[in-house]
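Below is one structure, written out as structure tokens; the observations come after it.
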Amino acid sequence: MTTQASRRRYTPALALLGVAALSACVPSAPKQLPPEPGPAVASATDTAPRLRGPEPGSSADFVASLMGQDTIHFENDRYNIDAIATNALQAQAQWLMRYPTKRATIEGHCDERGTRDYNLALGERRATAAKNYLVSLGVSSSRLNTVSYGKERPVALGSSEDAWAKNRRAVTVTIE
């Protein structure tokens, strides 16, 4: 019982001692406050990371800027550039002209129908047609490569007209 009585006596004293110790840690206000912050001024040595969007001129910027227009689609067994494809290729050409040191590869793709050799040849014709259109818009042909994947890299699996239509495409990919 004596230990409980002594605990009751020391508990308020310990609490007051703790409050006193913590109040000693409170910093005092400075004699002079710093000036109000003004508008931010970026310096030439400012290397802070960008918080918004991809790096201008990067592959991510290409994809983000074109919003899906990095890919054009074709009709079955065709490699001609239609009106929808011309809009996408014009947007690609504008981006490539804005970044004249960037190079791109145009990938030709086909659906699953047809032989491997036939689809590789058709994919090459599709990629070349897209390249030629970009060159006609002023993009240097030395900055553009083509490759055909035929039916080897489908984006849509399945044996339906919807899947086949998605796989008949040419995709422009910028090179870092």
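The table that follows gives values for the structure above.
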{"quantity": "Positions within region 148-170 being surrounded by 15 or more Cβ atoms within 10 Å (Cβ to Cβ) and in contact with a helix residue (DSSP H, G or I) (Cβ under 9 Å, 6 or more places away or on another chain), in sequence order", "calculated": "148, 149, 150, 151, 154, 168, 169, 170"}
{"quantity": "Test for residue 115: is it in contact (Cβ under 8 Å) with a residue 12 or more places away in the chain and either buried (at least 16 other Cβ atoms within 10 Å of the Cβ) or over 16 Å from residue 146 (Cα atoms) (or both)", "calculated": "no"}
{"quantity": "Failed condition for residue 95, given (1) surrounded by 14 or more Cβ atoms within 10 Å (Cβ to Cβ); (2) within 22 Å of residue 166 (Cβ to Cβ); (3) under 19 Å from the mean Cα position of the chain (by Cα)", "calculated": "(2)"}
{"quantity": "Residue ID - nearest to residue 110 (Cα to Cα), chosen from residues in region 57-92 that are surrounded by 14 or more Cβ atoms within 10 Å (Cβ to Cβ) and among the acidic types (Asp, Glu)", "calculated": "70"}
{"quantity": "Breaking point among (1) part of a loop (DSSP other than H, G, I, E, B); (2) acidic (Asp, Glu); (3) under 25 Å from the mean Cα position of the chain (by Cα), for residue 107", "calculated": "(1)"}
{"quantity": "Region 118-139 - residue that is free of Cβ contacts under 8 Å to residues at least 40 places away in the same chain and charged (D, E, K, R) and, of those, surrounded by the most Cβ atoms within 10 Å (Cβ to Cβ)", "calculated": "131"}
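So that you can scan it fast, the table gives a plain yes or no per residue for (1) in contact with a His (Cβ under 6 Å, 6 or more places away or on another chain); (2) more than 18 Å from residue 77 (Cα to Cα); (3) of a type in the set (Gly, Ala, Ser):
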| position | (1), (2), (3) |
| --- | --- |
| 100 | no, yes, no |
| 103 | no, yes, no |
| 108 | no, no, yes |
| 113 | no, no, no |
| 128 | no, no, no |
| 132 | no, yes, no |
| 139 | no, yes, no |
| 146 | no, yes, no |
| 165 | no, no, yes |
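Here, each number is a calculation from the coordinates, and none is a lab measurement. Keep in mind the model is a prediction, meaning the values are calculated, not measured. Because the Cβ atoms are built from the backbone with ideal geometry, glycine has one as well, and the counts that use them run over all protein chains shown.
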